[in-house]
Amino acid sequence: MKKVLKIFFIILLIIIGLAGAGFALLYFKIIPTPSFVSYIPVVSDLLLPEEQEEKKLSPEVIELQQAKRENASLKDTITEKQEEMKKLQDHLKNLEKEHKTSEDDIEQQKTEVARLNEEILNLKTSQSDKKAAYKDMATYFAEMKSKDAADILSRLQDEDIIGIFNEMPDDMVAEMLQKMDRNKATALTKKMLVTDS
């Protein structure tokens, strides 16, 4: 009988030890608490204090806590979106700078083309050479877009522009005059009338 009693106590101690170890693992959240524990009155108070506290809170307080959590989440989202917007604005500023730089480069190139054309015309001093130069230039400008050609032509001296226009078809001259600055086009037209008469 003593032997049976000893075995019984050893088994009882092992069961108590295992139960204590299991409770400790659950209490310190080392392993997740199973859902059935919420139905055990004393144990659920010890292992699930948050749920017990929530049950004690009024619905208004719970709703307020949820609203606070949602508010915090929305603030985080707004902060992220503001950072994205700032990055996009910085990117847009960089693109605008690049665009401005490319416009400046195009303007410089047009000025350089006009200067080189002026040099070519000045190098050909005799009248026949100038006429040949005007003819070459007319062909050259006819190949360009009318807006670009008008822009570059308007940077030349008026007599050179008129000489080039004289070598171009009338409809092309009219189109380029339309694309030029109004004052420049008016001055050229007046000079062309004097030249023609």
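Read-outs throughout are calculated quantities, based only on the coordinates presented, and are distinct from any laboratory measurement. Just so we're clear, the structure is a prediction, and the values are computed from it rather than from any experiment. All Cβ positions, even for glycine, are placed from backbone atoms using ideal geometry, and neighbour counts span all protein chains on display.
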Ranking of VAL173, VAL194 by count of other Cβ atoms within 10 Å, fewest first: VAL194, VAL173
Farthest positive-ward along region 133-197 dipole, Cα basis, beta-carbon charges - from ALA185, ALA138, VAL173: ALA185
Anchor LYS68: aspartates and glutamates whose Cα lies under 19 Å away (excluding residues fewer than 8 positions away in-chain): GLU50, GLU51, GLU53, GLU54, GLU60, ASP76, GLU80
Nearby lysines by direct alpha-carbon distance to LYS87 (threshold 17 angstrom, same-chain neighbours under 8 apart not counted): LYS97
